Structures are given as C-alpha cells and as structure tokens.
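Scroll down for the structure; my scribbles are underneath it.
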Amino acid sequence: NLESIREVRSVKHLAIIEMILRDRRRFFGEIRDGIGLSAKMRAMLLSSVVFMALYGAVMGSTQGTVWQVLSSAVKLPILFLATLVVCSPTLYFFNTIFGSNQSLTQNFALILTAITVTAVILLSFSPIVLFFMLTTSGYQFFKLLNVGVFAIAGFIGVLFLSRGMAIVSDGGREGVRARRNVVRLWILIYAFVGSQMAWMLRPFIGAPGMEFELFRQMGGNFYANIIASIGEILGFVTVR
C-alpha cells in the first residue's frame, strides 16, 4: 500500500546518507561509473532539504513567531540549492578545461553530496543550537554561534567534495594538480556567492522584539555585519 511505499523510500534515503558517511569510496566510485545517479541525487536532494528545513526552523524560533520559523525553514534549503545552481556550471567548465572527463550530472551529484553532508552536520548541531537559544538571551551571540556552525558544517562538506573529486575524476595525471587548485578556487567562489545569497534572503534569525519580516532592505554586507556583531559582544559597538 501507499504507506509501505513511503516507508521503503524513506529507508532508501537514509541508506544513501549511511553510504556517504560510512562507505564513501564505494559511493564516489558509483558516481564515477554512473551507477544510479538519478536515484542518488533524488535521495540527497530530499534529505538535504528536510534536514536544512529542520535546522532553519530552529534558527527562526528565536523570535517566537510561527511565521519566522516557517520562513527560515523554507529559506535555508533555498539558500544552498540556489547557490548550487549558480555555481555548479563554473566548476564543471573549469574541470573540463583542465582535463576532467566528468559529466555535468556527475559534477552536480558531487556538489550535492557536499551539500547533503553539510545538511547532516547542521542537523546534528541543532540540539546544541537549541540549548543555547533556551539558555542565553544574546541575539548577536546566537547569530555568531550559527555562523560558526555553518563554517564547521561547510568545511566538512568541502572535505567530502575534495575527496569525491579525487575519486571520480579520471582525467590524465597532467591535469590533476590544476584540477585540485580549481576545486579550491571554486570553494572560495561558492562561499562568496553563498554569503551574498544569505544576505539577500535574510533574516534567518528573527531579532527578539521586532516584527516579522520576510526580507530586509538591501544595504551593507554579510562580512561587515559579522564584524559589527563581534564588536557588540565585546562592547565596542551597538548593532541596530
């Protein structure tokens, strides 16, 4: 029946996560050989959306409004997937120029693997973030805490991407070092695009005492705001 089919599908999605975390060499080998790419990408896409939505809901709960919780739960998956769509062609063409034989689908699957790992790490941090939300009242501290969690999760996701690129890429030895440098450059591009995308989609964390806003007016930038938040925690400035 329909309920049994849904249960089987959920098991398959969890099996993909388990395979990525425990048997990554086999997983990346199957991506290299083109085995079940569509099924893998569907499972990773669904898992990452659900995990990020859950973490986004935790982020948005600081304001205490249902609308902010729902807004953050929707916008966080959009942030990562929109950045993926914007940046994946760049990595594909750069790799192709330097001798990689990866298809665009394989390239997309590798980046989606990194995003899925990032989503898993974010979900694992959600109880810690929720604990600090319940035991502290500092808005700027909570914002920086989430930035730190994203940095850790993103770093681990990048490690999986680099490992996957090394296994999947079957180009000649001549372009190995160049492709490795391309991946490093692309990671910086992805980080800059992602931070700008996050600034466009803000707020993810509703400020206590303020009315719900779906989006805020453009102005300033992500990095200046983070520096200002650090300054407020240290008592140098007040962020409005």
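The values are calculated or read from the model by the stated rules, or taken from the named source; none is laboratory data. Model, not experiment: these values are computed from the prediction. Positions of Cβ are generated from backbone atoms using ideal geometry, with glycine treated the same way; all protein chains shown enter the neighbour counts. Accessible surface is based on the protein model in full, side chains and every heavy atom, while ligands, DNA and RNA are left aside. Shrake-Rupley method; radii C 1.70, N 1.55, O 1.52, S 1.80 Å.
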- Selection count where residues are assigned to a helix (DSSP H, G or I) and open to solvent by less than 50 Å² (accessible area, probe 1.4 Å), scope segment 90-112: 9
- residue 62 passes all but one of (1) closer than 30 Å to residue 144 by Cβ; (2) open to solvent by 20 Å² or more (accessible area, probe 1.4 Å); (3) part of a helix (DSSP H, G or I); (4) in contact (Cβ under 8 Å) with a residue 60 or more places away in the chain; which number fails? (3)
- Tell me, please, whether a residue that is at pLDDT below 85 and polar (S, T, N, Q) can be found in segment 122-131. no
